[in-house]
Amino acid sequence: MTLTSPPPDSSEAPEAPTNRPPSMHRARNWMRRPYARSIMILTVVIGFILLPLCWLIVAAMNQSGAPASPIMEDIETTVFVFTLVSIPITAFVFAVLVYSLLGWKHVSGDEVPADDSPAIRTNTVGVLIWTVASSLLAMFLVVWGLMELASITANSYGTVSADEQPGGEKALIVNVTGQQWVWTFEYPQHDGLTSDILYLPKDRAVYFNVTSKDVLHNFWAVELGVKIDANPGAITQTGVTPNKAGTFNVRCAELCGLHHAYMQTKIQVLEPTAFDSWVRESGGGRTS
Ligand SMILES: [Cu+2]
């Protein structure tokens, strides 16, 4: 007696490239599978659960009073949009993860579940949808990022010299010096007045000349959205127009030694008349 294999059943024969159903048909079949439907439903549910993140992240950024300048407004809009766009992908990844953990558990016995099936591979429709959707998403983020970068560059006067600042009133120049582990602000237009708190007038362009006396630091005016390296022996330049009065923070954003974490001070954005009073009271005068 010889062992014979069962007669080949055409419905169970492995798929041959020549007799496979069309891509669209296979994609539709795949979408009808219970696990595909569960993952899609999970994606939508998790997406809605994650949606409030867009607002929560911006709310966390605003806890100390931001945005206090057009630059910071641009940054917050970008954070919001990037979070929003990333939510569908994050939700899909988590949906697959959750379903993999809970839905594809060990099946008792040796029987292979009826719905166990190969992945959706070499399916033209699936590949096209995935490739086009990811490309469009990536292109959108690149274009958005470049537009916001151009707007931030314009608002920080990155390409405009201090003498050619926009606005009727001449820009306020502040020379910022970092050293382990303090910041010093000098106002060359006001008899070289110096301060360890950054006083700024509201709604007036400010131009920063930033340098360091010792090692690399980074001048970060948090709520104004200004962040630029402070390099010894060189001057880096940036600017901003504060549009909100209040008390904000300056921090060092470059690891610079033992007390780097404490290298911080305050920003006082004052109404223009209050700023002029501070200059007079501090003995700065108004020289230009
Ligand atoms: Cu530092």
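When you look at G239, is it in a loop (DSSP other than H, G, I, E, B), modelled with pLDDT under 95 and assigned by TED's automatic domain parsing to the domain that holds L198, yes or no? No. Cβ-Cβ contacts under 7 Å between residues 6 or more apart (or on different chains), taken from a first residue in the range 200-224 that is touching a residue at least 60 places away in the same chain (Cβ under 8 Å) to a second residue that is within 13 Å of the ligand (Cβ to nearest atom), are listed as V222/R251. Scanning the range 184-194 for any residue that is more than 20 Å from L149 (Cβ to Cβ), within 16 Å of the ligand (Cβ to nearest atom), in contact with a strand residue (DSSP E or B) (Cβ under 6 Å, 6 or more places away or on another chain) and not hydrophobic (A, V, I, L, M, F, W, C) turns up at least one such residue. Within the range 259-288, the residues that satisfy the criterion of being exposed (fewer than 15 other Cβ atoms within 10 Å of the Cβ), away from the ligand (no atom under 16 Å from the Cβ) and assigned to a loop (DSSP other than H, G, I, E, B) are E271, G283, G285, R286, T287, S288.
Of note, V176 satisfies the criterion of being closer than 27 Å to D203 by Cα, in contact with a strand residue (DSSP E or B) (Cβ under 7 Å, 6 or more places away or on another chain) and either modelled with pLDDT of 90 or more or loosely packed, with under 12 Cβ neighbours inside 10 Å (or both). Go through (1) away from the ligand (no atom under 16 Å from the Cβ); (2) closer than 13 Å to V176 by Cβ; (3) not β-branched (V, I, T) for S212 and report which single condition fails. The failed condition is (1). The residues listed here are P272, P232; of these, the one that is over 19 Å from A68 (Cα atoms) and touching a residue at least 12 places away in the same chain (Cβ under 8 Å) is P232. Comparison of C252, C256 shows that the only residue that is surrounded by 15 or more Cβ atoms within 10 Å (Cβ to Cβ), under 21 Å from S156 (Cβ atoms) and either within 14 Å of the ligand (Cβ to nearest atom) or of a type in the set (S, T, N, Q) (or both) is C252.
Number of residues in the range 187-236 that are crowded, with 16+ Cβ neighbours inside 10 Å and assigned to a strand (DSSP E or B) equals 25.
The values are calculated or read from the model by the stated rules, or taken from the named source; none is laboratory data. All values reported here derive from a predicted model rather than from experimental measurement. Note that we place each Cβ from the backbone using ideal geometry, even for glycine, and neighbour counts take in every protein chain shown.
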